[in-house]
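The values are calculated or read from the model by the stated rules, or taken from the named source; none is laboratory data. Every value quoted in this text rests on a predicted model; they were computed, and no experiment measured them. FYI the Cβ positions are ideal-geometry reconstructions off the backbone, even for glycines, and counts take in every protein chain you see. For accessibility, only protein heavy atoms count, side chains too; no ligands or nucleic acids. Shrake-Rupley method; radii C 1.70, N 1.55, O 1.52, S 1.80 Å.
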Amino acid sequence: MSRSSGLALPPLLLLLLAAVARHTAAQYNCTCPTNKMTICGPDGPGGRCQCRALGSQHVVDCSTLTSKCLLLKARMSAPKSARALVRPSEHALVDNDGLYNPECDHEGRFKARQCNQTSECWCVNSVGVRRTDKGDLSLRCDELVRTHHILIDLRHRPAAGAFNLSDLETELRRLFHERYRLHPRFLAAVHYEQPTIQIELRQNASQKTPGDVDIADAAYYFERDVKGESLFSGRGTFDVRVRGEPLQVEQTLIYYLDEKPPQFSMKRLTAGLIAVIVVVVVALAAGVAVLVITNWRKTGRYKKVEIKELGELNKEPSL
């Protein structure tokens, strides 16, 4: 009996070792392909892989894009290492405030009021861009206003020739659908006038279903890809080609249009903008001065000619 038990031990040990090896392999491969700024481990139900965003420890769904709010918070905590172009609306916002440490709600979205751990607060839209003047802790933000229209303005490096608009649009639509999993109906249009490319994303609150990727998140992932700071850990490098010609972007600017106009006062006029206004005024004044002097010279010359002609007439002998 003892001899048969001894013979049965090696297979049992092998099974145990195999189970440990499988568990170790699963733990080693536990990563988040859509968000590299996460900490992952077999912490989910049944020991399944579960990933949490850096900074917030918020559990993320690695089958889709992570919200921009959680990504910004993770960046703050991470160690340093031939159509007419669209004119942005007068209410379109540009993210001029740079990176900050946001407050996110339980769903990982931006809270309407942001204070960045200081006594200075402001209201943001669903993209996290400031839409009011800054105030103190008494500032109220009654609602999170949704950004329903995003215009991505790109300038590409010189290519062998202008891209074909149809080919360019097809490639960009494929990119946003396959890489960022944005439903095609939310990519409203692509405009092109060499070297400027504009991508319009539109998504109203009534159009978005729980399973849809938000245009704010898709735009942010695209922006990071273009700048060579991809957020993906398992989808390869960002490489867009139109008919084999690489699309190399050298400048990116993103405009955000909300469902309600922003609420800025004249305080929004920064020193830089005031300087621009001063330069324009000076240029106009200089132009008016040049016009007056030129007109005066012309008038003066005509008067001199008239006086000279009158003098010569007076000198002529009378008949």
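Does residue 238 count as open to solvent by 50 Å² or more (accessible area, probe 1.4 Å) and aromatic (Phe, Trp, Tyr)? Answer is yes for this residue. Screening residue 192 on (1) surrounded by fewer than 21 Cβ atoms within 10 Å (Cβ to Cβ); (2) closer than 18 Å to residue 252 by Cα shows it passes everything except condition (1). Scanning region 153-173 for residues that are under 13 Å from residue 199 (Cα atoms) and either in contact with a helix residue (DSSP H, G or I) (Cβ under 6 Å, 6 or more places away or on another chain) or among the basic types (Lys, Arg) (or both) yields a total of 2. What about residue 153, is it among the acidic types (Asp, Glu) and buried (at least 17 other Cβ atoms within 10 Å of the Cβ)? Considered against the rule, which asks whether it is among the acidic types (Asp, Glu) and buried (at least 17 other Cβ atoms within 10 Å of the Cβ), residue 153 comes out as yes. Taking the conditions exactly as written (among the charged types (D, E, K, R) and either surrounded by 14 or more Cβ atoms within 10 Å (Cβ to Cβ) or within 19 Å of the chain's Cα centre (by Cα) (or both)), does residue 181 satisfy them or not? Criteria met by residue 181. Within region 230-250, residues that are under 18 Å from residue 64 (Cβ atoms) and among the aliphatic types (A, V, I, L, M) reach partners that are in a loop (DSSP other than H, G, I, E, B) and open to solvent by 60 Å² or more (accessible area, probe 1.4 Å) with beta carbons closer than 8 Å, at six or more positions or on different chains, in the pairs 231/36.
For region 119-143, the set of residues classified as crowded, with 16+ Cβ neighbours inside 10 Å, in a loop (DSSP other than H, G, I, E, B) and either of a type in the set (Gly, Ala, Ser) or within 19 Å of the chain's Cα centre (by Cα) (or both) consists of 126, 127, 128, 129, 131, listed by residue number.
Taking the stated definitions as given, is residue 172 under 20 Å from residue 157 (Cα atoms) and either in contact with a Gly (Cβ under 8 Å, 6 or more places away or on another chain) or open to solvent by less than 80 Å² (accessible area, probe 1.4 Å) (or both)? Outline the logic, then answer.
Working: under 20 Å from residue 157 (Cα atoms): yes; either in contact with a Gly (Cβ under 8 Å, 6 or more places away or on another chain) or open to solvent by less than 80 Å² (accessible area, probe 1.4 Å) (or both): yes.
Yes: the conditions hold for residue 172.
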